[in-house]
Amino acid sequence: MLSVVDLMEARTLAPELAVYLLAAIGRGASFLVGAVPGGAGKTTVMGALLNFTAPARALAAVPDLESIGRFRQSTLSHCLIAHEIGPGHHYAYLWGAALRSYFKLAALGHQLAANLHADTLEDARGQICGQNGVSEEAFRKMNLLLFLQVAGGWPTRRRIVSVWESDGSDPHREIYGEDLFNARNGRLADAAACARADRMLRQVRRANIRTIEEVRECLVKHWDL
């Protein structure tokens, strides 16, 4: 697994965006990583961003309706991971009734993290709400939608080209894209939280570490969100 340090060095993740994502995800924002082609790096980006979840929030995959039902009864807040939003029999692939139940977990205080074969807000909404019947209200509780683009040539370059944000009530708005970065006016993390997140990431860079395990350990040690 690659870490956020690897992603920033590869220019997949802009440093200023990393600061905002740490502030937002660290405070409980649910997030989805989307890209159309297989192998675009959705799981890699999701795995790196899971380092940004609060230390007190346990991670768990939700493979099926039965497991989702157990978390509906849980008194502890988790970050619940869908490896893929899509049909199929692979582990933690959610579709149909299972996906509708999964999205309802956000209203119970759980944080969600998922991948999807989509590269626009409209495509994501079409699959999640249109094809699966997830309500618009539940869709908005997937607070951050990040879309990857893969550029050809050698070496292949993968980068986050668009980020959409919702506070869970209002429709998603684009806060990051071509010539656009409005995260300082974001609804999920204020300027003070972003400043603290920036200090945390500076600690990671000063420590001269790289692996996903080392990055997580350093963030937890200096946690201030």
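The values are calculated or read from the model by the stated rules, or taken from the named source; none is laboratory data. As the structure is a prediction and not an experimental result, all values here were calculated from the model. Cβ sites come from the backbone with ideal geometry, for glycine too, and all protein chains shown count toward neighbours.
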Among the residues listed as Ala60, Ala82, Ala48, Ala54, the single one being at pLDDT 95 or above and over 26 Å from Ala118 (Cα atoms): Ala54
Please specify each residue of segment 15-51 satisfying the condition of being within 11 Å of Ala189 (Cβ to Cβ) and buried (at least 23 other Cβ atoms within 10 Å of the Cβ). Val19, Tyr20, Leu21, Leu22, Ala23, Ala24, Ile25, Gly26, Ala29
Residue that is surrounded by the fewest Cβ atoms within 10 Å (Cβ to Cβ), among those in segment 99-154 that are β-branched (Val, Ile, Thr) and not in a strand (DSSP E or B): Thr120
Return a yes/no flag: does segment 58-80 have any residue that is loosely packed, with under 15 Cβ neighbours inside 10 Å, under 23 Å from Ala23 (Cβ atoms), of a type outside the set (Asp, Glu) and touching a residue at least 60 places away in the same chain (Cβ under 8 Å). no
For Met200: the one exception among (1) modelled with pLDDT under 95; (2) under 20 Å from Thr12 (Cβ atoms): (1)
